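Colleague: Here you go, one structure.
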Amino acid sequence: MTLGEVARLVGGELRGDAAAVIERVAGLEDAGPGSLTFFADKRHAGLLAQTRATAVLVPPDAPPVSTATIVVPHPYVAFVQIVEALHPPRRPGAAVHPTAVVAASASLGPGAFIGPWVVIGERVRIGRDAVLHAGVVVYDDVVIGERFTAHARAVVREGARLGDRVVLHAGAVVGSDGFGYLPLPDGPRAIPQIGGVVLEDDVEIGANATVDRAALGDTVIGRGTKIDNLVMVAHGCQVGPGSLLAAQVGLAGGTVLGRGVMLGGQVGSAGHLTIGDGARVAAKSGISSDLAAGGTYGGIPAVDIRAWRRMTSGWLRLGELLRRVRRLEQGSEGGRGDGGAD
Amino acid sequence: MTLGEVARLVGGELRGDAAAVIERVAGLEDAGPGSLTFFADKRHAGLLAQTRATAVLVPPDAPPVSTATIVVPHPYVAFVQIVEALHPPRRPGAAVHPTAVVAASASLGPGAFIGPWVVIGERVRIGRDAVLHAGVVVYDDVVIGERFTAHARAVVREGARLGDRVVLHAGAVVGSDGFGYLPLPDGPRAIPQIGGVVLEDDVEIGANATVDRAALGDTVIGRGTKIDNLVMVAHGCQVGPGSLLAAQVGLAGGTVLGRGVMLGGQVGSAGHLTIGDGARVAAKSGISSDLAAGGTYGGIPAVDIRAWRRMTSGWLRLGELLRRVRRLEQGSEGGRGDGGAD
Amino acid sequence: MTLGEVARLVGGELRGDAAAVIERVAGLEDAGPGSLTFFADKRHAGLLAQTRATAVLVPPDAPPVSTATIVVPHPYVAFVQIVEALHPPRRPGAAVHPTAVVAASASLGPGAFIGPWVVIGERVRIGRDAVLHAGVVVYDDVVIGERFTAHARAVVREGARLGDRVVLHAGAVVGSDGFGYLPLPDGPRAIPQIGGVVLEDDVEIGANATVDRAALGDTVIGRGTKIDNLVMVAHGCQVGPGSLLAAQVGLAGGTVLGRGVMLGGQVGSAGHLTIGDGARVAAKSGISSDLAAGGTYGGIPAVDIRAWRRMTSGWLRLGELLRRVRRLEQGSEGGRGDGGAD
């Protein structure tokens, strides 16, 4: 790709040699000759000044650079466009591996790639252009839309309903039984988990993550929501569209998330509460009550992030505070003789 | 099922039309005509008042309802009975899929369903009526009791011993090597993990959860204990009977749990400590010392839950406390001229 | 093995009958007649005094024991040597199971054991003496060194590069796509993850753990680093050699760990920060800024472990502190009439 072609593709203004050739893309720190990179974070101005890249995607207000630049409003978005052009997603050609076990009553749309040892159960319906890598197991009565991708060993339990363009990463489990027990005197007794699970269009589930079916009704993951590795979504959760759940997040049963919620890594939420649209929660927080829409939260229990920051800086001053109170007490004791014991 | 039949089955008192037909079960919020639901939590009295369900299982002291009711001592328990009657667990018929690889020296009890791509190693013994879904791998020398259920891709490592009615959910791993290393100057050196792992009767292990074998002796999960998705039980843990470990709990090596212990989601425990019978620990807590039987604990480190609640409310007042101490110091300074610096 | 042989093997001084026979090894608590055990932790002196073991490996300064002893500088290291001698690692004989699907363009070194349902993709190269248990999936273009061990259902995604003696436990996933999205107005848009993943020699990855490929460049796990079950290493992390990551640790994207770093269970780290050589971080901590080499840290956010301990003990005194400040205010109010409101 020449710089001229890059500039045209992203609709940017080229300052440099339109005939120069881009061979690869790289981050600002690693980019060498032949590379295209981008500058999106002002804290990296030092890296930008020293770059040996052939060209840099920059915003209009970027500091001057010695190398070629392409000026665009959103350099990172433009960079992703170029990455996609240079690395178009490869998908295997249509084929059903002879070792796959596909039930006679299952229906597969055209263009499917079905890898070795895949199992597709009775009455399963899968739309066109699916890619099921080796060892994927789809239980009975599952319905899946178009352009489904499942990496090795993903499992979809009976009756799950998946929309179009859903992606399951390796080892993900969708529709496992919810963890529901009656604590009877002779030990916990399982509550039948007869509900379902729905993944809407464009949902992505990370490697070894688990989404349980509901006890009654459905567990629902909304359109375009992306869930990272090792996340747990318990029975009956309703996760709104366009949300991002980072790795190792855990949602207890019946949690309701609005649209565009962002949960940092290892966040946990108690069950049966509501997290409003657009709420953001810092990594490792523990949510124990409803969170209002639009806010940013942190801590265990999660509170407004500014309150959490004040708390954590307050903690560091606890020792000092104890000393100051002791000094006040001694002063007061000297003067009045009734100070508190330490 | 008619309401009369429902009432008979749960031994309840019917107030309504015994001939009315129940077509499905549902939660109080979702239940419409044709549904049976239940009222077990007084906070849902508002939902009860508006219900459109055909009938509601209620306790003797429930507020009056316009719909039919069946009065029982424990509505949720009765509801579970009805769910079980309407949705008897389905199990596949006895069959060994032609693609399964079962060692000649293995023995399988009558009534087994062995799915595609299942692997059963040398000298394995499995009791009657087992259900092994697609891709389950049982290593050599494993002994398993009656009515075993393993969902797709569960793995049982060599020599593990499982009791009757054990359930492994998809992707669970039982008997993986413990994480034990000597920190030698030239890098960590693995300590051979030559112990075993025992799951007693009625144990359930969640999707993608892992239970490691012991370095020496056995890791033991007691009778009737239920372990949720993505839980880690490290080498040498002894988990008592009837305990519940919610999702993403992690127990470090050698942790000892008593009977009927309940750990909330994402709880972590340091190793080689003891958690007494019936102890309950709030979600996300970090256990760093022994916990006495019967208590309720929370926090990092976990303390009595009331102390933890006081601490978290105290945190929120830290800023105020700092201001109050500063004011006291200023007053004291004005009076005596020796106040603390801020 | 006789005690004389044991003493010779570990280079220790035997105090007891050289002809006595050792039949098994056990921990100090469980060791009975016929057992060899070891004493390495002075807190276990009580157990040592009562031991019924046939012999105990002890350090030079151990208290006197009634049973035979073998004096060595490091009893635990010597014990591991004996365990290894009594339990040499078994590996299956060389064989490729007829059900394995190995691409014609793949190359396998001599001595390989390839279990049932293993899938090895195009152009994969694996060195000598590999052991791939049932259901392992290796995608295209993966390069793996000598003496590779992969337990059931481990997955290695396309293009990953693994050194010699790498061990993957059951269900581990190496090279899954990183979690990178542009938050565009119409929903999150995936950023192509075109980078790779490198596991250097002697790396071990725990059961159901996940190591993502980089967006650009490589995710790297350094030589000899051991990673426990259910750990998440996100895209672009650089983990130094000889490090230990305990179960359920999560590293966000771009985290850099030095050599010999030790992270306790459930530790989480924010991305794009640096943890220095030899740093140790207590279980459950949350790392939100760079950590200097050699330190020991704890807490959320992680600080020097001594500061963290002071903070947690300070928390327990918060209620008392509030009371003391109130008393001071009352005193001051009485004297001056201008105290703070509570």
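The values are calculated or read from the model by the stated rules, or taken from the named source; none is laboratory data. Quick caveat, the model's predicted, so the values are computed rather than measured. Cβ sites come from the backbone with ideal geometry, for glycine too, and all protein chains shown count toward neighbours. Protein only, heavy atoms only, side chains kept; ligands, DNA and RNA dropped before computing areas. Shrake-Rupley method; radii C 1.70, N 1.55, O 1.52, S 1.80 Å.
Colleague: Using a label point 7 Å beyond Cα on the Cα-Cβ vector, give me the inter-copy distances for C:Ser313 in nanometres, one decimal, shortest first.
Modeller: In ascending order, 2.6, 2.7 nm.
Colleague: Multiply the residue gap between C:Gln50 and C:Arg128 by 0.36 nm, knock off their C-alpha separation, and tell me the result in nm, one decimal place. Could the numbers behind the result be given before it?
Modeller: On the way: separation 78, 0.36 × 78 = 28.08 nm, distance 4.83 nm.
Separation in residues times 0.36 nm, less the Cα-Cα distance, equals 23.2 nm.
Colleague: Taking each pair of distinct Cα atoms in the protein assembly as shown once, what is the resulting Kirkwood hydrodynamic radius in Å?
Modeller: Numbers: mean 1/r = 0.0325 Å⁻¹.
One decimal place: 30.8 Å for the Kirkwood radius.
Colleague: Return the percentage of antiparallel bridges among DSSP beta bridges fully within region A:1-160, rounded to the nearest 5 %.
Modeller: Roughly 15 percent of the DSSP beta bridges within region A:1-160 come out antiparallel.
Colleague: While we're looking at this one, here's another question. Could you tell me what fraction of 2.2 N^0.38 Å the Cα radius of gyration of chain A comes to, as a two-decimal ratio?
Modeller: Working: Rg = 26.9 Å, N = 342, 2.2 N^0.38 = 20.2 Å.
For chain A, the normalised Cα radius of gyration is 1.33.
Colleague: For region C:143-223, which whole-number percentage of the solvent-accessible area (1.4 Å probe, protein heavy atoms only) is attributable to carbon and sulfur atoms?
Modeller: Working: 1030 of 2160 Å².
Accessible surface attributable to carbon and sulfur in region C:143-223 totals 48 percent.
Colleague: Would you mind telling me which residue in B:Val65, B:Val131, B:Val203 has the biggest mean-square fluctuation in a Gaussian network model of chain B, where springs connect alpha carbons within a distance under 10 angstrom?
Modeller: The residue that fluctuates most here is B:Val65.
Colleague: Let me ask something additional. So who's got an amide H within less than 5 Å of the one on B:Glu122, skipping anything under 5 residues away but keeping other chains? H placed 1.01 Å off N, in plane.
Modeller: B:Asp140, B:Asp141
Colleague: Another question, then. With a 1.4 Å probe, what is the total accessible area buried between chains C and A, in Å² rounded to the nearest 100?
Modeller: 4500 Å²
Colleague: Does any residue of region C:259-285 lose at least 50 Å² of accessible area with all protein chains in place compared with its chain alone, and if so which ones (probe 1.4 Å)?
Modeller: SASA drop of 50 Å² or more in region C:259-285: C:Gln266, C:Lys284.
Colleague: Of the listed peptides A:41-49, A:25-33, B:206-214, what is their order by residue-averaged count of other C-beta atoms within 10 Å, with the highest listed first?
Modeller: B:206-214, A:25-33, A:41-49
Colleague: Now for a separate question. Percent antiparallel among DSSP beta bridges with both residues in region A:68-223, to the nearest 5?
Modeller: Restricted to region A:68-223, the bridges split so that about 10 percent are antiparallel.
Colleague: Which value at 222 nm does chain A reach when only helices count, each DSSP H run of 4 or more adding -39,500 (n - 2.57), with the total divided by all residues and rounded to the nearest 500 deg cm²/dmol?
Modeller: -5000 deg cm²/dmol
Colleague: Let me ask you something else. Go through C:Thr149, C:Thr219 and list them by solvent-accessible area, largest first, probe radius 1.4 Å. Before the final figure, lay out each step's value.
Modeller: Working: C:Thr149 35, C:Thr219 0 Å².
Ranked list, largest accessible area first: C:Thr149, C:Thr219.
Colleague: Now for a separate question. With r defined as the distance between the Cβ atoms of C:Arg323 and A:His272 and R0 fixed at 35 Å, what FRET efficiency is calculated, to the nearest 0.05?
Modeller: E(calc), rounded to 0.05, equals 0.50.
Colleague: On to the next question. Copy-to-copy spacing for C:Arg123, label 7 Å out on the Cα-to-C-beta vector, in nm, shortest first?
Modeller: Listed shortest first, these distances are 4.4, 4.4 nm.
Colleague: Keeping every protein chain present and rolling a 1.4 Å probe, give me the accessible area per residue for chain A in Å².
Modeller: Numbers: 13260 Å² over 342 residues.
Counting only protein heavy atoms, the per-residue value for chain A is 39 Å².
Colleague: Can you spot the lysines whose alpha carbon is less than 28 Å from C:Lys226's alpha carbon? Ignore those fewer than 8 places along the same chain.
Modeller: In chain and number order, the partners are A:Lys284, B:Lys284, C:Lys42, C:Lys284.
Colleague: Calculate the mean, over all residues of peptide A:222-229, of how many other protein chain Cβ atoms lie within 10 angstrom of the residue's Cβ.
Modeller: 5
Colleague: Given a 10 angstrom Cα cut-off, can you work out which residue in A:Pro116, A:Pro241, A:Pro192 is the most mobile in a GNM of chain A?
Modeller: Result: A:Pro192 has the largest fluctuation of those listed.
Colleague: Taking a label point 7 Å from Cα toward Cβ, how far is C:Ala95 from its twins in the other copies, in nm, shortest first?
Modeller: 2.8, 2.8
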